[in-house]
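One structure below.
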Amino acid sequence: YGAFVEVSSHPVLTASVQDVADAAVVVGTLRREDGGLDRFLSSVAEVWVRGVDVDWGRAFEGAGASVVDVPTYAFQRRRFWLEAPAVGGVGVVDGVEAGFWSAVEGGDVAAVASALGVSSEESLGGVVSALSLWRRGCRERVRLEGWRYRVVWQSVGVESSVRLSGVWLLVVPAGGEGVAGVVEWVSGALSGAGARVVTLELDVVAGAGGWAGRVAGVGPLAGVVSLLALDESPHPVGGGVSAGLAGTLALVQALIDADIDAR
């Protein structure tokens, strides 16, 4: 047996039965000083959540109980999950195309030749074989991609009414090639939102000495925007660490040392 219910005013045998059948469901019905209907229904619920069938209709017969849907996330009726993009077939647009690719996957040279309107089947033999392998490979990749866990960014938009104020420090890598356009765009976005932008170039390779003083010298700050991570060149310390990563860490430390509590 896989389930044992001791019908008594207090469990006496359940511990011994559980010792003998450690994988079984073993419960009592009532307990000393707790022998009411609530205790009995709690015991019924205990066996039910452990896989034993319960006739809940009889258990609540005459009680006026009814079945309700389980509430949504956090007992609210709104969903907070990102919508997963629909993954469809590979290149299947309509029934005609589906039939064509079905013939390719099946290696039916005659059907492919007929669909393409060509007469020479011999010249298509190798092509159809290669297409068949390619098609199956695409389907396999799509199927495997659907199993993968991935982190993606999804834009939620920015309200045009958002306004900034005060001095915002824009930290950029010194001598960074190819980031001028990004720096200009970010600076313009901050200024357009009402911020007074101060740009500070920091040389990550030369080291972080004196960064706290330079940051503090700008004055009171309302916020800090760092573009140091754009420098993906290897850092001299080695170990595969980028200059941007080391610089971002050094900047955070400098902000803490300068006692700057800005966004």
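The values are calculated or read from the model by the stated rules, or taken from the named source; none is laboratory data. These numbers were taken from a predicted model, which means no experiment stands behind them. Note: ideal-geometry Cβ built from the backbone for every residue, glycine included; neighbour counts use all protein chains shown. The accessibility values were calculated without ligands, DNA or RNA, using every heavy atom of the protein model including side chains. Shrake-Rupley method; radii C 1.70, N 1.55, O 1.52, S 1.80 Å.
Observations on the structure shown:
- Top-ranked residue in region 29-47 [being within 43 Å of the chain's Cα centre (by Cα) and not β-branched (V, I, T); ranked as least open to solvent (accessible area, probe 1.4 Å)]: S43
- The lone exception for G146 - which of (1) open to solvent by less than 70 Å² (accessible area, probe 1.4 Å); (2) under 27 Å from the mean Cα position of the chain (by Cα); (3) modelled with pLDDT under 75 it fails: (3)
- Out of A212, A208, A250, A254, one residue alone is among the hydrophobic types (A, V, I, L, M, F, W, C), closer than 16 Å to L169 by Cβ, at pLDDT below 90 and not in a loop (DSSP other than H, G, I, E, B). It is A212.
- All of (1) modelled with pLDDT of 85 or more; (2) in a loop (DSSP other than H, G, I, E, B); (3) within 33 Å of the chain's Cα centre (by Cα) hold for S161 with one exception: (1).
- Search result, residues across region 177-203 that are assigned to a loop (DSSP other than H, G, I, E, B), closer than 24 Å to P236 by Cβ and within 32 Å of the chain's Cα centre (by Cα): G178, V179
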